[in-house]
Amino acid sequence: MKIIMLGAPGAGKGTQAKQISAKYSIPHISTGDIFRANIKNGTELGKKAKTYMDQGALVPDELTCDLVMDRIQQDDCKNGFVLDGFPRTIPQAEALDEALKKVNQSMDYAIDVDVPDENIVKRMGGRRACLSCGATYHIQFNPTKVEGVCDACGSKTVLRDDDKPETVKKRLTVYHDQTQPLINFYDNKGILKTVDGTQDLNKVFEDIVAILGE
Ligand code: AP5
Ligand code: MG
Ligand code: ZN
C-alpha cells in the first residue's frame, strides 16, 4: 500500500502517518523529519535545508526529490510506504510519478487531512516534537506521559524552531500557493480521499482505516 498524506502544516499528517505505519507495517517517510535529523547531525544537507525551513519556505525540489527517490527504493519499502510532507509541489509529484512508472507502479491513496487555518495556528504553539525519533505530541491534545520526555525513545521533546506564530503563518501561505494544488492533481488521478482533521485524533484515524481497510 503506497500512501501520500496531504494537508496543511499542523493538520496532523505526522500523527496519522505514524499510526498508519504501525498498523499496516509500512515505513513512515517524512521529509521534514529527515531534514530535522540532518540539521541535528550538522550535515551539509541539514545546513542547506535549515536556511529555508527557518523562514517557513520550501527546501528546493533538487534537494528533496532525489532523497525521497533513494528512500523509496530501499528494501523496507517493497510492500509500500506512507509519505508525509512529500510531495508538496507539482514538480515533486511529477517526479514521484515518473520514478514509480519506471518500475510499473503508482500511488494508491492520497489522503487529505483537512483542517482550516484558524485551527492550525492554535495547535502549533502546543506541539512538542522529539527530534530523535520524530514523534509528535501536543501539551493538551496528546501529551507525553512524563512532561518534556518522549514516550517512544526517552529523549527530550522541544518546540520546533519553525512553530513560532509568524513562521506558521508563512508556512500556511506557502502551503496554499504551492501544495494545495496537489489536491486537484490527485483528485484527477482518482486516488484522493479527504478526512476531517478537526476531529479527535483517534476518530481521524478511524476514518483513515475505513478508507484503507482493516
Ligand atoms: P514538515 O515537517 O513536513 O512540516 P509541515 O508540513 O509544516 O507539517 P507539520 O509537521 O508541521 O504538521 P503535521 O501535519 O505533521 O502535524 P502533526 O501531526 O505534527 O516540514 C517542515 C519544513 O521542512 C517545511 O516547512 C519545509 O521547509 C521543509 N520540507 C519538508 N518537506 C519538504 C518538501 N517535500 N519539499 C520542500 N520542503 C520540504 O500535528 C500538529 C500538532 O497538532 C501536534 O501537536 C499534534 O499532537 C496535534 N494534533 C494532531 N492531530 C490532532 C487532532 N486531530 N486534534 C488535536 N490536535 C491534533
Ligand atoms: Mg509533520
Ligand atoms: Zn522520541
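Couple of notes before you dig in:
- Meets criteria (out of contact with any Cys (no Cβ under 8 Å at 6 or more places or on another chain) and among the basic types (Lys, Arg)) for ARG88: yes
- Residue within segment 71-87 that is within 13 Å of ligand 1 (Cβ to nearest atom), open to solvent by 40 Å² or more (accessible area, probe 1.4 Å) and out of contact with any Gly (no Cβ under 6 Å at 6 or more places or on another chain) present: yes
- Enumeration of residues in segment 139-192 that are under 20 Å from PRO116 (Cα atoms) and of a type in the set (A, V, I, L, M): VAL168, LEU172, VAL174, LEU182, ILE183, LEU192
Conditions (1) more than 16 Å from ligand 3 (Cβ to nearest atom); (2) among the charged types (D, E, K, R); (3) under 29 Å from CYS65 (Cβ atoms); (4) touching a residue at least 60 places away in the same chain (Cβ under 8 Å), marked per residue:
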{"position": "ASP108", "(1), (2), (3), (4)": "yes, yes, yes, yes"}
{"position": "TYR175", "(1), (2), (3), (4)": "yes, no, yes, yes"}
{"position": "PRO181", "(1), (2), (3), (4)": "yes, no, yes, yes"}
{"position": "ASN202", "(1), (2), (3), (4)": "yes, no, no, no"}
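- Some residue of segment 125-142 being away from ligand 2 (no atom under 15 Å from the Cβ) and open to solvent by less than 30 Å² (accessible area, probe 1.4 Å): no
- Of the candidates ASP162, ASP112, the single residue that is under 15 Å from the mean Cα position of the chain (by Cα), part of a helix (DSSP H, G or I) and closer than 30 Å to CYS77 by Cα is ASP162.
- Residues within segment 43-95 that are more than 26 Å from ASP163 (Cα to Cα) and in contact (Cβ under 8 Å) with a residue 60 or more places away in the chain, tallied: 3
- Of the candidates PRO27, PRO91, PRO87, the single residue that is in contact with a strand residue (DSSP E or B) (Cβ under 8 Å, 6 or more places away or on another chain), modelled with pLDDT of 95 or more and closer than 21 Å to PRO9 by Cβ is PRO87.
- Sole residue being closer than 18 Å to ASN202 by Cα, near ligand 1 (Cβ under 8 Å from one of its atoms) and touching a Gly at 6+ places or on another chain (Cβ under 6 Å), chosen from ARG171, ARG127, ARG123: ARG123
- When the residues of segment 10-29 are filtered to those that are open to solvent by less than 10 Å² (accessible area, probe 1.4 Å) and within 12 Å of ligand 2 (Cβ to nearest atom), the one that is nearest to LYS164 (Cα to Cα) is ALA11.
The values are calculated or read from the model by the stated rules, or taken from the named source; none is laboratory data. None of these values were measured; they are calculated from a predicted model. Cβ coordinates were reconstructed from backbone atoms using ideal geometry, including for glycine residues, and neighbour counts include every protein chain displayed. The accessibility values were calculated without ligands, DNA or RNA, using every heavy atom of the protein model including side chains. Shrake-Rupley method; radii C 1.70, N 1.55, O 1.52, S 1.80 Å.
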